[in-house]
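Comments concern the structure below.
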Amino acid sequence: MSFKELLHILEDGKASFVLLLCHRSADADAICSAYALQGLLKRFLPNVVIEIGCPQGVNKPAKQLFEHMPITVNLKPNIESAEAIVLLDMNTVEQLDEVADVIKKSPSPKIIIDHHAPSPETMQICQFCMIDEKAAANCELIYRLFSQAGVEPNLNEAKALFIGIAFDTRHFALANSPTFEIIAKLVVKGIDAQQTLALFALPIDPSERVAKLKACKRAKIIKIEGWIIALSHVSAYQAPAAKALVDLGAHMSAVAGKKNGKVELSLRCTRQFNEQAGVHLGVDIAAPLGEFLHGVGGGHAMASGVSGKGEIQEALKQCLVLLKQKIAKTA
């Protein structure tokens, strides 16, 4: 769980090709984590090929990174050839869909660096686990590795870590004290915070606006022990739609949709709901809901996701059952 241990695994295995893998629809936090880690490892393993892989693509905001940062990713990485695999910003290999089986079968050592509630199955197949659920972004963990290695990130690495943290904390709205300490150390490297944030700000897609409005129109409002729960469904943009419902007044929301034959849900809640109702969305709702749907679920205390088999209404109904059971226990 230290940089020394991580380096030992790679050196002991004499890995000549290390693959840094990002989750499906990789976001800025995942990609920036991989980029900064790639740079750090290159200092100690200069003769090793270290590649960033995004086998399930990247999301739209993250594509902006490639226009302004010297980041290169392989959308079709050769996982079978990797002699060491590092999973970044994902608590389960199931987030890589069909690629998951290839990773499980690989004899190469596997490493996970993540800030979500851990998946027991994934931890069992990993030789090195660096997991801290309290970290606001995965880039925070990568910064710790720099500190443990006694290495200062260069300007591009510092900017990547800054961007990753900014995106995953909603421009620091979800940041905590350790987060701001890291940000302060990164900014002194020469980062223009306002300019950098403005550079990666994207206008809201018209389709996203429509999805949010449809989610509001279709929302079913339920009260549980005084908590306002909003359940809805849209064909796309479930995550921003779920956030919109919470921003409008729901204590907790779940928005479902279907993609490629799979039912997907995004869950969001307020800090008040998480702390006072005692509900951790990733552990208490998403994980068991993922099992119910014969898929996968997990995430943070106030933001999580689920993907599996079944129907939208069936998934939302079970989500409500899990909520009622958990709230009843803590009421």
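So, in segment 149-202, how many residues would count as being over 28 Å from residue 44 (Cα atoms), not hydroxyl-bearing (Ser, Thr, Tyr) and not in a helix (DSSP H, G or I)?
11
The rows are residues; the columns are (1) closer than 26 Å to residue 170 by Cβ; (2) at pLDDT 95 or above.
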site	(1), (2)
268	yes, yes
274	yes, yes
278	yes, yes
286	yes, yes
292	no, yes
302	yes, no
305	yes, no
328	no, no
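Report every pair of residues separated by at least 6 positions or lying on different chains whose Cβ atoms are under 6 Å apart, first residue within segment 3-21 and farther than 15 Å from residue 126 by Cα, second of a type outside the set (Gly, Ala, Ser) and in a strand (DSSP E or B).
Pairs that qualify, where the first residue is farther than 15 Å from residue 126 by Cα and the partner is of a type outside the set (Gly, Ala, Ser) and in a strand (DSSP E or B), are 17/49.
If you go through segment 258-277, how many residues are buried (at least 22 other Cβ atoms within 10 Å of the Cβ), farther than 15 Å from residue 290 by Cβ and within 19 Å of the chain's Cα centre (by Cα)?
Of the residues in segment 258-277, 2 are buried (at least 22 other Cβ atoms within 10 Å of the Cβ), farther than 15 Å from residue 290 by Cβ and within 19 Å of the chain's Cα centre (by Cα).
Does residue 243 satisfy being of a type outside the set (Val, Ile, Thr), modelled with pLDDT of 95 or more, surrounded by fewer than 23 Cβ atoms within 10 Å (Cβ to Cβ) and within 25 Å of the chain's Cα centre (by Cα)?
yes
Here's the yes/no breakdown for (1) touching a Pro at 6+ places or on another chain (Cβ under 8 Å); (2) of a type outside the set (Gly, Ala, Ser); (3) without any contact (Cβ under 8 Å) to a residue 12 or more places away in the chain:
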{"residue": "105", "(1), (2), (3)": "no, yes, yes"}
{"residue": "116", "(1), (2), (3)": "no, yes, no"}
{"residue": "137", "(1), (2), (3)": "no, no, no"}
{"residue": "159", "(1), (2), (3)": "no, yes, no"}
{"residue": "180", "(1), (2), (3)": "no, yes, yes"}
{"residue": "184", "(1), (2), (3)": "no, no, yes"}
{"residue": "187", "(1), (2), (3)": "no, yes, no"}
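Residue check: is residue 209 within 28 Å of residue 234 (Cα to Cα), in a helix (DSSP H, G or I) and not polar (S, T, N, Q)?
So residue 209 passes the test.
Out of segment 280-301, which residues are assigned to a loop (DSSP other than H, G, I, E, B), touching a Lys or Arg at 6+ places or on another chain (Cβ under 8 Å) and within 23 Å of residue 138 (Cβ to Cβ)?
Scanning segment 280-301 gives a single hit, 295.
If you take the residues of segment 36-59 that are under 23 Å from residue 140 (Cβ atoms) and polar (S, T, N, Q), which of them is surrounded by the fewest Cβ atoms within 10 Å (Cβ to Cβ)?
Looking at the filtered set, the residue picked out is 59.
Which members of segment 18-34 meet the condition of being outside any loop (DSSP other than H, G, I, E, B) and either surrounded by fewer than 16 Cβ atoms within 10 Å (Cβ to Cβ) or of a type in the set (Asp, Glu) (or both)?
29, the sole residue that qualifies.
The values are calculated or read from the model by the stated rules, or taken from the named source; none is laboratory data. The structure displayed is predicted, hence computed values, not measured ones. No Cβ is skipped: glycine too gets one built from the backbone with ideal geometry, and neighbour counts run over all protein chains shown.
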